[in-house]
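A.B. asks: One structure follows; several queries about it will come next.
The values are calculated or read from the model by the stated rules, or taken from the named source; none is laboratory data. All values reported here derive from a predicted model rather than from experimental measurement. Note: ideal-geometry Cβ built from the backbone for every residue, glycine included; neighbour counts use all protein chains shown.
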Amino acid sequence: MPAKADPFLQRRLLDVARIDQAVAAAEHRRRTLPELAQIADGTATVQKLRGALVLRQAEIGDLDRDARKLDNEIDAVRTRAKRDTDRLAAGSAPAKDLENMQHELTSLARRQSSLEDDALELMERRELADAEVARTEADLTAAQDRLAAAEQRRGDAFADIDDELKRATAERADLLDGMPPDLIKLYEQIRARGRTAAGALNGARCEACRMDLDRSALNDIWAAAPDAVVRCTECGAILIRT
Ligand SMILES: [Zn+2]
């Protein structure tokens, strides 16, 4: 621990401590930007909606395949019915065959009606599925827009904070320039413990920890030479007598 240092240089430590507090605050802000949580949530939402969209589009594919199959069946029934109707109209087949064809036509008509009901139901499901896809697409677009906006805000905030940190680093280096190395070393040792490493002595109060020093500690400090390096008995900060 340096016993002595030019009081003028000691006072500079208050500016260094102010910068260090601002840097710590900026780094904390960088880690806890609300945009970081918004981006994490937004990314999860976009992924979920993309998954839902894929499922809903697959569902439409299935419905279309079923609809094509039904159409083919309906076509086959119609073709068969037309053939029977034509043969009945020609009336050239034996009576037994004509009777069978009549029966078949009745059952074909029932079959066609049932298939057409199925086709109608499929069409309704397809319309619902289309609406679901449209809604999911709209939700996805909105979620992607929100995510992009949050990423933009995060980028802007990071750029501002990084500028601030760069300026602070330069200013700090200027302040430390010409400072006794053992004083800097002491300051950094205190700071490494996560403490404010220098504070003004304001009356009986240390401005680093905002505690009042007791009478005997104060007496020691006031008795010390102006260039003595004195410490707070409460928090260990270098005390600057102003
Ligand atoms: Zn203190």
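A.B. asks: How many of the residues making up region 194-230 are in contact (Cβ under 8 Å) with a residue 60 or more places away in the chain and either closer than 18 Å to Arg18 by Cα or assigned to a loop (DSSP other than H, G, I, E, B) (or both)? Steps first, answer last, please.
C.D. replies: From region 194-230, those in contact (Cβ under 8 Å) with a residue 60 or more places away in the chain are 196-200, 208, 225-229; that's our starting set.
Of the ones still in play, those that are also either closer than 18 Å to Arg18 by Cα or assigned to a loop (DSSP other than H, G, I, E, B) (or both) are 196-200, 208, 225-227, 229.
Residues meeting the conditions: 10.
A.B. asks: Scan region 92-114 for residues that are outside any helix (DSSP H, G or I) and surrounded by 13 or more Cβ atoms within 10 Å (Cβ to Cβ) and jot them down. Steps first, answer last, please.
C.D. replies: Filtering region 92-114 down to residues outside any helix (DSSP H, G or I) leaves 92-94.
If the condition is that a residue be outside any helix (DSSP H, G or I) and surrounded by 13 or more Cβ atoms within 10 Å (Cβ to Cβ), then Ala93 is the only one that fits.
A.B. asks: So if I check each of Ala89, Ala40, which one is modelled with pLDDT under 95, among the aliphatic types (A, V, I, L, M) and part of a helix (DSSP H, G or I)? Quick ask: steps written out before the conclusion?
C.D. replies: Numbers: Ala40 fails: modelled with pLDDT under 95.
Checking each option against the conditions leaves just Ala89.
A.B. asks: Out of the residues in region 204-237 meeting the condition of being more than 13 Å from the ligand (Cβ to nearest atom) and of a type in the set (Gly, Ala, Ser), tell me which one is nearest to Ala3 (Cα to Cα).
C.D. replies: Ala228
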